[in-house]
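Colleague: Would you mind keeping the following structure in view while I ask a few things?
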Amino acid sequence: MLDATTRSGGTATVSPRTAAAELAVAAAGPVAPTGFAARVTRVLLSPWSRLSLLVALLASAATTVVLFQPQQLLTNGWPPQLGGAAAALAYAVAYGLCTVAFVPRPLLNLAAGALFGSQLGLASAIAGTVLGAGVAFCLGRVLGQEALRPLLRGKWLKAADGQLSRHGFRTMLAMRLFPGVPFAASNYCAAVSRMGLLPFLLATGLGSIPNTAAYVVAGARASTPTSPAFLIALACIALPGLAGAVVAWRKRHRLRGR
């Protein structure tokens, strides 16, 4: 039997069999960790662990909002040290984070109009809407999609997933224009689907303008409730909701039949 190495003139020579074995080990790459550490890593990175983390984050955010009560901005006003574009930008960031924590958007839109007026308030509210939707989408996609997609077994769930996956932009645009669709629910439904982030953000920004503008103008003109602008804003808020209720009422038999 030949040794793994032989000496020839003071130089170590590796046998062909040993060299082949070393090349095979190198090509296989680093060995995956085994034992307790590997099991813990698999558990922490599993889909259901990530989904649990998402639920914990959302619950913590909602609890924080309840404790700090951001709706007090409507009565106390914005901090006096912030003003102009800087205040609108700060409000947009706070708006986005509050929507992730399930604060109702109509309340935030009214506050934007009351604090910054119609134009600057609308820009801040739309920016906050897109930011909040993007954060929710990314959280849902990273932490929840892998665990929730296998649960899409019902007829309605499969239909909604297919519509968002194939026709994401126009479907999300319609959902944003229709006032009866909850903002948070549409964000996480899109995240679980195969819809892309960019079409989601574009549809959110464009589709949120009409309804957001109505609330912002109403908030900006709340001190003059008999003004034409305030009355038109109220009509723009009430009529789409009434139309949606009528459509749902007329379709109720078809929905029950399914």
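The values are calculated or read from the model by the stated rules, or taken from the named source; none is laboratory data. Since the model is a prediction, treat every value here as computed from it, not as a measurement. Methodologically, a virtual Cβ is constructed for each residue, glycine included, from the backbone with ideal geometry; neighbour enumeration extends over all protein chains shown. Just so you know, the surface numbers come from the protein's heavy atoms only, side chains and all, with ligands and any DNA or RNA stripped out. Shrake-Rupley method; radii C 1.70, N 1.55, O 1.52, S 1.80 Å.
Colleague: Exactly one of (1) surrounded by fewer than 20 Cβ atoms within 10 Å (Cβ to Cβ); (2) at pLDDT 95 or above is unmet by P79. Its number?
Modeller: (2)
Colleague: Another question, then. Considering only residues that are under 18 Å from V135 (Cα atoms) and among the aliphatic types (A, V, I, L, M), which ones fall in region 176-188?
Modeller: A184, A185
Colleague: Out of all the residues in region 170-200, which are of a type in the set (A, V, I, L, M, F, W, C) and surrounded by 18 or more Cβ atoms within 10 Å (Cβ to Cβ)?
Modeller: M172, L173, M175, F183, A184, C189, A190, A191, V192, M195, F200
Colleague: Go through region 106-127 and give me each residue that's crowded, with 20+ Cβ neighbours inside 10 Å and of a type in the set (S, T, Y).
Modeller: The one that is crowded, with 20+ Cβ neighbours inside 10 Å and of a type in the set (S, T, Y): S124.
Colleague: Can you tell me which residue among V93, V103, V135, V130 is surrounded by fewer than 24 Cβ atoms within 10 Å (Cβ to Cβ), in contact with a Pro (Cβ under 8 Å, 6 or more places away or on another chain), closer than 22 Å to F200 by Cβ and among the β-branched types (V, I, T)?
Modeller: V103
Colleague: Could you figure out which of (1) modelled with pLDDT under 85; (2) outside any helix (DSSP H, G or I) isn't true of A160?
Modeller: In the conditions (1) modelled with pLDDT under 85; (2) outside any helix (DSSP H, G or I), A160 misses (2) alone.
Colleague: For the structure I just gave you, tell me whether Q71 is under 29 Å from L107 (Cα atoms), modelled with pLDDT under 65 and in a helix (DSSP H, G or I).
Modeller: Against the criterion (under 29 Å from L107 (Cα atoms), modelled with pLDDT under 65 and in a helix (DSSP H, G or I)), Q71 qualifies.
Colleague: State whether one or more residues within region 57-64 are under 16 Å from V135 (Cα atoms), touching a Pro at 6+ places or on another chain (Cβ under 7 Å) and at pLDDT 65 or above.
Modeller: no
Colleague: So the check is Cβ under 6 Å with 6+ separation or different chains; which pairs have a first residue in region 187-212 that's farther than 12 Å from F169 by Cα and a second one that's at pLDDT 95 or above and among the hydroxyl-bearing types (S, T, Y)?
Modeller: S208/T129
Colleague: If you don't mind, another one. Checking the condition part of a helix (DSSP H, G or I) and over 23 Å from A62 (Cβ atoms), which residue from A203, A222, A184 passes?
Modeller: Being part of a helix (DSSP H, G or I) and over 23 Å from A62 (Cβ atoms) holds for just one of A203, A222, A184, which is A203.
Colleague: Could you grab the pairs with beta carbons closer than 6 Å, sequence gap of 6+ or different chains, first residue in region 48-73 and open to solvent by 80 Å² or more (accessible area, probe 1.4 Å), second one at pLDDT below 80?
Modeller: W48/A147
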